[in-house]
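Asker: Following this message is one structure expressed as structure tokens.
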Amino acid sequence: MPAQENRRHERLELARQWRDSGASARAFAKEHGVTAWTLYYWRQRLASQDRPLRRPRRRSRGVKLAPVHVVTVARDEASDVEILLAGGDRVRVAAGVSVDTLRRVVQVLRTAC
């Protein structure tokens, strides 16, 4: 075991002993030839080591499906697109709107609703 790893192990063990002793940091540190701040530092390191690793929880958004009604029109006719939101609101998109503009509108609706 490298010297640095050995020293780390010793400090963690010292922090365990202090935690289990119930003694004050000052008294325990004096008895073991370290500072109280050293004990506090290694207590934090010990706590983070003993803490089980948790995966961050992903928030699931409730996805609501909406019925879609497809209406056919003659190919030469330009038509608007109407989007009916789950809350009952309607968004009408003009036939000549750019794809980028429509994409931005959809992104805003996803984050706001």
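Asker: Quick one: what pairs do we get from region 85-101, first residue more than 15 Å from Leu65 (Cα to Cα) and assigned by TED's automatic domain parsing to the domain that holds Thr111, second polar (S, T, N, Q) and surrounded by 11 or more Cβ atoms within 10 Å (Cβ to Cβ), C-beta under 6 Å, 6+ apart or different chains?
Answerer: Ala95/Ser79
Asker: While we're on this one: Give the residue that is farthest from the chain's Cα centre (by Cα), with candidates limited to residues of region 89-113 that are more than 28 Å from Gly62 (Cβ to Cβ) and surrounded by 11 or more Cβ atoms within 10 Å (Cβ to Cβ).
Answerer: Here the answer is Ala94.
Asker: For region 1-13, give me the residue count where each residue is surrounded by fewer than 11 Cβ atoms within 10 Å (Cβ to Cβ) and under 14 Å from Ala47 (Cα atoms).
Answerer: Of the residues in that region, 0 qualify.
Asker: Suppose we keep only residues that are surrounded by fewer than 11 Cβ atoms within 10 Å (Cβ to Cβ) and aliphatic (A, V, I, L, M) within region 14-72. Which one would you say is modelled with the lowest pLDDT?
Answerer: So, considering only residues that are surrounded by fewer than 11 Cβ atoms within 10 Å (Cβ to Cβ) and aliphatic (A, V, I, L, M), the one modelled with the lowest pLDDT is Leu53.
The values are calculated or read from the model by the stated rules, or taken from the named source; none is laboratory data. Since this is a predicted model, take the numbers as computed values, not measurements. Neighbour counts are summed over all protein chains in view; Cβ atoms, including those assigned to glycine, are modelled from backbone coordinates with ideal geometry.
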